[in-house]
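See structure below.
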Amino acid sequence: MSEQAAVRRSLRALFSPRGCPDPYPHYAVLREHAPVARLPDGTVVVSRHADCDRMLRDPVFRVEDDEWIGRTWPEGREHHTVYSLMGEMVNQNSPHHERLRRLVSRAFTPRRVEGLRPAVTALVEQLLTGLAERAAPDRPVDFMAHFALPLPIAVIGELLGVPEEDRPWFAPRVQAVTSAIEQNLTGDALDRADEATSELWDRLGQLTELRRADPREDLVSTLIAVRDADGDRLTRRELLANLVLLYSAGYETTSNLLGNGLAVLLERPDLLARLRGEPDRVGAWVEEMLRFDPPIQIASRWAGEDTELGGESIARGTQVIALLAAANRDPRRHPDPDVFCPDRPPSRSLTFGAGAHYCLGAALARLEAQVAFPLLLKRFPSILPAGAGAARDRVTSLRGHTRLPVLLG
Ligand code: HEM
């Protein structure tokens, strides 16, 4: 096959609406033969670390904000999902982005994240007990359904101050929003997300009213009260949109870190045994899990002016997609990139992005994984994959397992 044909085949596979179970060989084709590729609709796709990093850091590449929606899909604004998304900091550019990020960061501090450690540990222990109760020596249990999905949603509930009995209510609604984003905000998925967004706004609106009247120590109470040096504060729309963002940004992403990380260990019993023996080095292991098979595989921007990237001209208004997972396997940045190796020298991957929109919840995601893996391997030292059935899902952006059956031994 010619290089050009291989590139076309890889682009078709990666952006197919059916998803792509193993994108890594296709990323390698693009990185080597078409580092700045173009889709038939003109969208530019970059796959080398240097180009992805530049795209994320250079403000000429703007996130898909209200201006972009107005230009490409004005009627989209009638959807509650889009209205909510456009209030999120992740979909705003300078100077609105700085303002929102500054206000939310005043409440969502490293100290608050570290303060969650005891609660995360208790939740992990509780879920591990639940796994043990469900499984038997010859009866597998699904790690995704009974551990990786419930943990992050419970942790966000804890962070925000959602009462324990209300927490399970959030999971299907947040999933409906994420799934619509995955399907480019089209069809039935968008209708379901609109309904879910309205319900989330109602419920989170009630919670904010309760906390306004009777503040606690939680993030919702702090966000209501937060003001910057000029006395500026979040509006109701900004508050509710960014509470939904915390839920949607922190839920399935972290679930997939847990699932993708465990999947690597299950394929390599030598690694599993080694991590069990060095729980104090779990930080380096989690970094390598994040690099090796990231939960979010792409980030998207549009060029605010005529510019260049990777030596190619990019016209104003062009959409640009950075393949973060391809960048994480770029041999120019990470030697022997296809080998999982927890001994790598610290060298940040692009899993949490870079620049102004660098993930606000990175420390929380790391904390959850760093607490979960040592306790999981301590409780179930002979955990095994339970045959086939570890279904892979990668539609456009999120990559993870729909199911990950394990035998706990
Ligand atoms: C392993 C888990 C996670 C991954 C892989 C991840 C990844 C990312 C990435 C790639 C971005 C940047 C998007 C862009 O530049 O377009 C981002 C932004 C963000 N993430 Fe995460 N994230 C994770 C967990 C979390 C958690 C637990 C939270 C909070 C509860 C969170 C909250 C946010 C927020 C608020 C932003 C927007 C920041 C901004 O626009 O300034 N994330 N995340």
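The values are calculated or read from the model by the stated rules, or taken from the named source; none is laboratory data. Predicted, not measured: the structure shown is a model, and the values here were computed from it. Neighbour counts are summed over all protein chains in view; Cβ atoms, including those assigned to glycine, are modelled from backbone coordinates with ideal geometry. Please note that ligands, DNA and RNA were not included when accessible areas were found on the heavy atoms of the full protein model with its side chains. Shrake-Rupley method; radii C 1.70, N 1.55, O 1.52, S 1.80 Å.
Of note:
- Spin-label pair residue 117/residue 213, simplified geometry with 7 Å Cα→Cβ offset, distance in nm: 3.7 nm
- For the chain, modelled as a GNM whose springs connect Cα atoms under 10 angstrom apart, the maximal fluctuation among 242, 256, 184 occurs at 184.
- Per residue Cα convex hull volume in Å³ - calculated over the stretch 15-55: 81 Å³
- Kirkwood-based shape ratio for the stretch 33-82, expressed as Rg/Rh from alpha carbons: 1.08
- Under the span-like rule (Cα at least 24 Å along the axis, Kyte-Doolittle mean at least -0.5), DSSP H helices of the chain: 117-134, 362-379
- Solvent-accessible area assigned to carbon and sulfur over the stretch 3-407 amounts to 52 percent, based on a 1.4 Å probe.
- Based on the reciprocal of the average 1/r between different C-alpha atoms, the Kirkwood radius for the stretch 173-290 equals 17.4 Å.
- Scaled against the 2.2 N^0.38 Å expected of a compact globular protein of N residues, the Cα radius of gyration of the stretch 104-199 reads 1.31.
- Taken along its principal axes, the alpha carbon cloud of the chain reaches lengths of 63, 59, 40 Å, longest axis first.
- For residue 398, the residues whose modelled amide H falls within less than 5 Å of its own, excluding neighbours fewer than 5 places apart on the same chain, are 297.
- In this Cβ point-charge picture (+1 for Lys and Arg, -1 for Asp and Glu), the chain has a dipole of about 700 debye about its Cα centre.
- Sorted largest first by accessible area at a 1.4 angstrom probe radius, with every protein chain in place, the residues 208, 186 fall in the order 186, 208.
- Antiparallel bridges, percent of DSSP beta bridges restricted to the chain (to nearest 5): 90 percent
- Annotation for residue 348 and residue 166: the two label points, set 7 Å from Cα along the Cα-Cβ direction, are 3.5 nm apart.
- Based on protein heavy atoms only, the stretch 3-407 ends up with 44 Å² per residue of surface accessible to a 1.4 Å probe.
- Mean projected area of the convex hull spanned by the Cα atoms of the stretch 229-321, taken over all viewing directions: 11.1 nm².
- Among 97, 46, 72 - extreme Cα towards positive end, dipole of the chain, charges at beta-carbon: 46
- For the stretch 3-407, relative contact order (Cα pairs under 8 Å, six or more residues apart, normalised by length) works out to 26 percent.
- Positive-pole candidate from 113, 337, 356, dipole of the chain, charges at beta carbon: 337
- Descending semi-axes in whole angstrom, ellipsoid equivalent of the stretch 284-405, from the Cα gyration tensor: 32, 17, 15
- Ratio Rg/Rh [Cα only; Rh per Kirkwood] for the stretch 17-176: 1.04
- Heavy-atom SASA rank of 341, 20 (probe 1.4 Å, accessible area, largest first): 341, 20
- For the stretch 112-167, the spread of Cα coordinates along the three principal axes comes to 41, 21, 15 Å, biggest extent given first.
- A 1.4 Å probe over all protein chains sorts 73, 302 by accessible area into 73, 302, starting with the largest.
- In Å², nearest 10: area of residue 218 left accessible to a 1.4 Å probe: 20 Å²
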